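As structure tokens, the structure follows; a few thoughts come after it.
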Amino acid sequence: MASDLDRALQTVIGRCLAVKEGEELLVIADPDREGLGRALLEAARGIGADGALVVLPPDPRRGTEPPRAVAAAFSSCDVFLAPCMPSLSHTVARRAATERGIRGATLPNVTEDLLARLMSTDFEAMAVRCRSVADLLTEADEAHLTCPLGTDFRLDLRGRSGIADDGDLTAAGAFGNLPCGEGFIAPAGGEGTIFARTEPLTGLQDEPLRVEVRDGLLVEATNPTFLAALDAHGEKGRNLAELGVGTNDRATLTGNVLEDEKILGTAHVAFGASQAIGGNVTVPVHLDVVVVDASLTIGSTQVLDAGTFLLHGGADGRHLAAGGGAPA
């Protein structure tokens, strides 16, 4: 009988990326994820594909960009998967591959358990939630995010389009993050205060991380490590890059942002690069902070109420109230 991880691998290779017989898959894994990288490649070979596994240790001297040889391989395959840290999502190498029509996904900080759990979600139901959020984000001019810890944050959405992270990466040049499960947008601006329970560098916060944003730029953060990571890339590192809403009902709060940002009923805000998701800032950093027990209004529609997700899509595409909530 197939294990939960085996089923997750088949979902990634077969459903999300639709790898075909004869295609070449490039897997780029850091040393901590070499075993998972090998398993992904073997799953692709099991359906008649070929490819290679590159083990890529992080190196501060080159930052987030891979070495030239790996960057060249990125643009020479048919499909790529990158379970590695630091994330390759916002690198020049990844964007060049996407522009050449190569499809793929990054899986930064993924674990076997995380992949097995989150990829077991009901994909059809999750996709409806993703599209409902993305449609609202596209239609609305503004959003308002609050939480009991004191978050009070307003975002300008004008001129930007929402994106449904539903795991469908089958089209030429499709790119996303796996495991999947969010609707998100690159805001045009924003202002206010955010209190977050988790961020990618130090995980769960004993005291919530407080972030202040003015005119679309982060101006203050109570976690020096988080702020230093953004400031290493100049003012663009502080750019307000993303508003996202989690839609995966299998995700739980662990301190791993790859999972936490997908939790049904949470919201997250990111700083740094936005060019890959509809913004105009290119910089090799993109850090998310996750707000729990969130209440969110997009335009005139309430999407979250104290951590309860209030949307589902009807057959006619309307946004209707529903009773779902985030798991514990």
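When restricted to residues that are free of Cβ contacts under 8 Å to residues at least 60 places away in the same chain and surrounded by 24 or more Cβ atoms within 10 Å (Cβ to Cβ), segment 239-267 contains 3. The set of residues from segment 288-306 being open to solvent by 10 Å² or more (accessible area, probe 1.4 Å) and touching a strand residue (DSSP E or B) at 6+ places or on another chain (Cβ under 8 Å) comprises 288, 292, 295, 297, 299, 301, 302, 305, 306. Restricting attention to segment 20-63 and to residues that are hydrophobic (A, V, I, L, M, F, W, C) and in a loop (DSSP other than H, G, I, E, B), the residue that is nearest to residue 285 (Cα to Cα) turns out to be 56.
For (1) over 21 Å from residue 279 (Cβ atoms); (2) among the β-branched types (Val, Ile, Thr), each residue gets a yes or a no:
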| position | (1), (2) |
| --- | --- |
| 122 | yes, no |
| 128 | yes, yes |
| 138 | no, yes |
| 159 | no, no |
| 175 | no, no |
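Considering segment 158-185, the residues that are in contact with an Asp or Glu (Cβ under 6 Å, 6 or more places away or on another chain) and in a loop (DSSP other than H, G, I, E, B) include one that is most open to solvent (accessible area, probe 1.4 Å), namely 158.
When 222, 308, 301 are checked against the criterion of being touching a Gly at 6+ places or on another chain (Cβ under 6 Å) and modelled with pLDDT of 95 or more, a single residue qualifies: 308. Do you know which residues across segment 76-125 are touching a Lys or Arg at 6+ places or on another chain (Cβ under 8 Å), outside any loop (DSSP other than H, G, I, E, B) and within 25 Å of residue 255 (Cβ to Cβ)? Correct list: 82, 106, 116, 117, 118.
In this structure, is residue 325 at pLDDT below 95, in a loop (DSSP other than H, G, I, E, B), surrounded by fewer than 24 Cβ atoms within 10 Å (Cβ to Cβ) and in contact with a strand residue (DSSP E or B) (Cβ under 6 Å, 6 or more places away or on another chain)? Criteria met by residue 325. When 64, 111, 138 are checked against the criterion of being touching a Gly at 6+ places or on another chain (Cβ under 6 Å), open to solvent by 20 Å² or more (accessible area, probe 1.4 Å) and hydroxyl-bearing (Ser, Thr, Tyr), a single residue qualifies: 138. For segment 78-92, filtered to residues that are surrounded by 22 or more Cβ atoms within 10 Å (Cβ to Cβ) and of a type in the set (A, V, I, L, M, F, W, C), the residue that is farthest from the chain's Cα centre (by Cα) is 79.
Residue 320 satisfies every condition listed in (1) at pLDDT below 95; (2) open to solvent by less than 50 Å² (accessible area, probe 1.4 Å); (3) not in a loop (DSSP other than H, G, I, E, B) except (2). If you filter segment 193-221 down to residues that are within 29 Å of residue 139 (Cβ to Cβ), in a strand (DSSP E or B) and out of contact with any Leu (no Cβ under 8 Å at 6 or more places or on another chain), you find that the one that is most open to solvent (accessible area, probe 1.4 Å) is 214. Scanning segment 272-287 for residues being open to solvent by less than 20 Å² (accessible area, probe 1.4 Å) and either in contact with a helix residue (DSSP H, G or I) (Cβ under 6 Å, 6 or more places away or on another chain) or of a type in the set (D, E, K, R) (or both) gives a total of 4. Set side by side, the residues 168, 135 differ, and just one is among the charged types (D, E, K, R) and under 25 Å from residue 4 (Cβ atoms), which is 168. Restricting attention to segment 1-17 and to residues that are among the aliphatic types (A, V, I, L, M) and either at pLDDT below 95 or open to solvent by 30 Å² or more (accessible area, probe 1.4 Å) (or both), the residue that is farthest from the chain's Cα centre (by Cα) turns out to be 1. Residues in segment 95-129 that are touching a residue at least 24 places away in the same chain (Cβ under 8 Å), in contact with a strand residue (DSSP E or B) (Cβ under 7 Å, 6 or more places away or on another chain) and closer than 20 Å to residue 25 by Cβ: 7 in all.
The values are calculated or read from the model by the stated rules, or taken from the named source; none is laboratory data. Predicted model, so just to flag it, every value in this text is computed and none were measured. Neighbour counts are summed over all protein chains in view; Cβ atoms, including those assigned to glycine, are modelled from backbone coordinates with ideal geometry. SASA here: full protein model, heavy atoms, side chains in, ligands and nucleic acids out. Shrake-Rupley method; radii C 1.70, N 1.55, O 1.52, S 1.80 Å.
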